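Have a look at the structure below, then the notes.
Each value in this text was obtained by applying a stated rule to the coordinates, not by laboratory testing. None of the values given here were measured: they were computed from a predicted structure. Reconstructed Cβ throughout: ideal geometry from the backbone, glycine too, with neighbour counts over all protein chains shown.
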Amino acid sequence: MILESIDFTNFYKRVLDIFSKHFSSIEVEQLTEYVEILSDANFRCYKANMIVIQARKEDPDNYTIVSEMEWVARSVGEYRVSSKARINKYISDVKSVKELTLADSWVSDDIVYSIGEMMDRLSIETIKREDFAKNNRPKHMTESSQKMSDRVETYLKQKLVEIDRKGFYECVHEQRTYDLEGIVKDFAL
């Protein structure tokens with residue numbers, strides 16, 4: 001069964017709690033808005049991909065629905081990337097108060113392991129666990145997803161403490177290969 005909707009309330013509360021220890025209430029509000037956009041995009045991408053899988057299983061010759069939903073997944077995927085970039089840019093703008101220095105490791109490199117990527121992973125894992133619960137998937141799948149979320153959340157907390165300590169958050173805007181301008185067909189999910 002494909003999830004028709006998902007309640008991200010608990011996820012948003014956790015993110016709000018984590019961010020509120022490192023950002024002002026106005027900054028948290030803006031970051032939460034970006035995280036909500038990212039989560040919505042991830043959910044739309046999930047639905048589109050699940051519809052493609054279901055359509056390919058039920059009628060491999062149904063190219064119309066497959067094509068339409070693959071387009072939705074592609075266009076929403078670009079929106080996801082944009083949302084992660086906005087999270088990173090915003091944090092860089094509000095947290096960078098001194099000159100950048102080279103990172104000691106990939107974990108402390110803001111570009112390699114960004115907060116946008118962490119928000120993306122946390123929202124994806126939230127969707128997975130909801131799907132696993134609704135579809136009575138084996139318990140180990142939910143446990144594995146939760147373990148992934150717990151690990152990412154641990155690194156998120158460490159990253160935020162590190163940013164406060166070092167006084168900057170480095171951000172390089174990701175450049176996209178895909179140019180979707182001029183494609184006007186739009187499918188709603």
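Cβ-Cβ distance of residue 33 and residue 117, R₀ of 25 Å, FRET efficiency by 1/(1 + (r/R0)^6): the value works out to about 0.85.
Take the residue pairs 13/134; 21/147; 21/166 and return only those whose Cα atoms are more than 19 Å apart.
Values: 13/134 22 Å; 21/147 23 Å; 21/166 16 Å.
13/134; 21/147, as the Cα separations exceed 19 Å there.
Other residues within the sphere of radius under 10 Å centred on the Cβ of residue 149, judged by their own Cβ, net out at +3 (K and R +1, D and E -1).
Nothing charged except the Cβ atoms of Lys and Arg (+1) and of Asp and Glu (-1): what's the magnitude of the dipole of the chain about its Cα centre? Round to the nearest 20 debye.
Roughly 560 debye, rounded to the nearest 20.
Taking Cα extents along the principal axes in Å as calculated from this structure, the corresponding entry among (i) 57, 44, 31; (ii) 44, 34, 31; (iii) 139, 41, 22 is (i).
Per residue, the average separation of C-alpha pairs within less than 8 Å and at least 6 apart gives the chain a relative contact order of 29 percent.
Listed by Cβ neighbour count within 10 Å, with the fewest neighbours leading, 21, 95 appear as 21, 95.
Under the simplified labelling scheme, the residue 16-residue 53 pair shows an inter-label distance of 3.1 nm, with each label point 7 Å from Cα along Cα→Cβ.
So, counting K/R as plus one and D/E as minus one, what does the shell of residues with Cβ under 10 Å around residue 48 add up to? Result for the neighbourhood of residue 48: +1.
Lys and Arg at +1, Asp and Glu at -1: add these up for the other residues within a Cβ distance under 12 Å of residue 116 and post the number. That works out to +2. Compared with the dominant principal axis of the Cα atoms in the chain, helix 139-166 is inclined by about 30°.
With the charge dipole of the chain set up from +1 on Lys and Arg Cβ and -1 on Asp and Glu Cβ about the Cα centre, the Cα lying farthest toward the positive end among the listed residues 51, 11, 140 is that of 140. Among 66, 15, the order by Cβ neighbours within 10 angstrom, fewest to most, reads 66, 15.
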